[in-house]
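Novice: Before I ask anything, here is the structure I am working with.
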């Protein structure tokens with residue numbers, strides 16, 4: 001499942017908030033996000049208005065610390081590498 005959410009970043013010792021599209025797993029945990037912040041456009045003012053409302057709905061949901069998602073990705077990558085190494089050595 002994906003939805004727009006506010007992510008909190010720490011950049012140059014400052015807290016910055018941006019709206020990103022976030023992917024959640026089956027248990028509802030945030031597992032990744034699109035690196036580019038969300039933006040809105042539309043071919044009509046009605047479409048633009050709908051898209052802006054959809055984006056701003058992220059403001060009504062809990063803020064997600066981007067560091068948690070980034071750390072999760074690092075852990076997943078490390079586990080994948082560990083499993084690859086283990087599979088190469090299991091017949092040794």
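The values are calculated or read from the model by the stated rules, or taken from the named source; none is laboratory data. In this text the structure is predicted, and so the values were computed from the model without any measurement. Cβ coordinates were reconstructed from backbone atoms using ideal geometry, including for glycine residues, and neighbour counts include every protein chain displayed.
Novice: Output the residue which, of all residues in the stretch 8-56 that are in a helix (DSSP H, G or I) and in contact (Cβ under 8 Å) with a residue 40 or more places away in the chain, is nearest to residue 71 (Cα to Cα).
Specialist: Across the stretch 8-56, the extreme among qualifying residues is 55.
Novice: If I ask for residues that are at pLDDT 95 or above and over 21 Å from residue 53 (Cα atoms), which ones from the stretch 25-41 would you list?
Specialist: Correct list: empty.
Novice: Return yes or no: is residue 61 modelled with pLDDT of 95 or more, surrounded by 12 or more Cβ atoms within 10 Å (Cβ to Cβ) and either out of contact with any helix residue (DSSP H, G or I) (no Cβ under 9 Å at 6 or more places or on another chain) or on the phi > 0 side of the Ramachandran plot (or both)?
Specialist: Taking the combined requirement at face value, the residue satisfies it.
Novice: Which residue is surrounded by the most Cβ atoms within 10 Å (Cβ to Cβ), if the candidates are limited to the stretch 29-58 and must be within 11 Å of the chain's Cα centre (by Cα) and over 20 Å from residue 16 (Cβ atoms)?
Specialist: Here the answer is 31.
Novice: Picking from 71, 25, which residue would you name as being loosely packed, with under 13 Cβ neighbours inside 10 Å and either under 14 Å from residue 1 (Cβ atoms) or in contact with a helix residue (DSSP H, G or I) (Cβ under 8 Å, 6 or more places away or on another chain) (or both)?
Specialist: 25
Novice: Out of all the residues in the stretch 57-68, which are more than 7 Å from residue 6 (Cβ to Cβ), part of a helix (DSSP H, G or I) and touching a strand residue (DSSP E or B) at 6+ places or on another chain (Cβ under 8 Å)?
Specialist: Passing the criteria: 57, 66, 67, 68.
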